[in-house]
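A.B. asks: Below is one structure. I have some questions about it.
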Amino acid sequence: MRFTQTALQGAIIVDLERHSDDRGSFARVFCPNEFRAHGLNPTIAQINVSHNHRRGTLRGLHYQRSPAEEAKFVRCVQGSLYSVIVDLRPDSPTRFQSLGVELTADNGRALYVPELCANSYLALEDNTVALYHTSAFYTPGAEEGLRFDDPALDIDWPIPPTIISDKDRDWPLLSEQQI
């Protein structure tokens, strides 16, 4: 695996190191020792899969507040998606900044989302499947979110989000929250 630091402190792109021959290819997709060596939380409490039927389906921006903060490790296993991180960490030099990365089944790229960062993804094609690991269990009372279209975040989505849950559409603006 190749670990690349992004513009958001602690948010890491993880690329596969594929070993190919006439049979196909092989790559390691997760190793707790390598995660620890790069300062990442290797804990896996849950593994979730999300099937998105239609291009333009948006999920997020979600995060969990204390004491249920969770890191996420997001990968696209079918189709393509655009994954966004918004840094909400109080002491981070990149607080309230965002980052978007295209993850596809073909490029095998994954994105590590640190604790106290909101995450969202947008399906860029029909029948896109996201697989993601979380370092903490889903805790309904700790779930929070940000509006995908909040002008304060100024996220440049590559295509317009068209299918959005009421919950995700109704999150308060950043200016209305105490983060």
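A short reminder: the numbers here are calculations on the coordinates, not readings from a lab. What you are looking at is a predicted structure, and each value in this text was computed from that prediction instead of being measured. Cβ: placed from backbone, ideal geometry, glycine included. Neighbour counts: every protein chain shown.
A.B. asks: Of everything in the range 23-33 that's over 22 Å from Leu116 (Cα atoms) and outside any loop (DSSP other than H, G, I, E, B), which residue is nearest to the chain's Cα centre (by Cα)?
C.D. replies: Just the residues of the range 23-33 that are over 22 Å from Leu116 (Cα atoms), to begin with: 23-29, 31, 33.
Restricting the remaining residues to those that are outside any loop (DSSP other than H, G, I, E, B) gives 24-26, 33.
Details: Gly24: 28, Ser25: 25, Phe26: 24, Asn33: 21 Å.
Per the stated criteria, the residue is Asn33.
A.B. asks: Right, next: Look at the range 129-166 and say how many of its residues are of a type in the set (Val, Ile, Thr) and touching a Lys or Arg at 6+ places or on another chain (Cβ under 8 Å).
C.D. replies: Residues meeting the conditions: 4.
A.B. asks: Looking at Ile179, Ile155, Ile163, which one is farther than 15 Å from Asn52 by Cα, surrounded by fewer than 17 Cβ atoms within 10 Å (Cβ to Cβ) and either touching a Cys at 6+ places or on another chain (Cβ under 8 Å) or not charged (D, E, K, R) (or both)? Can you show your working first?
C.D. replies: On the way: Ile155 fails: surrounded by fewer than 17 Cβ atoms within 10 Å (Cβ to Cβ); Ile163 fails: farther than 15 Å from Asn52 by Cα.
It is Ile179.
A.B. asks: Restricting the search to the range 1-25, which residues are free of Cβ contacts under 8 Å to residues at least 12 places away in the same chain and over 19 Å from Thr104 (Cβ atoms)?
C.D. replies: Gln5, His19, Asp21, Asp22, Arg23
A.B. asks: Surrounded by 20 or more Cβ atoms within 10 Å (Cβ to Cβ) and either under 18 Å from Phe148 (Cβ atoms) or charged (D, E, K, R) (or both): which single residue out of Val101, Val74 fits that description?
C.D. replies: Val74
A.B. asks: Let me ask something else. Restricting the first residue to the range 30-51 and requiring it to be at positive phi, which pairs with a second residue that is in a loop (DSSP other than H, G, I, E, B) meet a Cβ separation below 9 Å and a spacing of at least six or different chains?
C.D. replies: Within 9 Å, the pairs are Gly39/Gly10.
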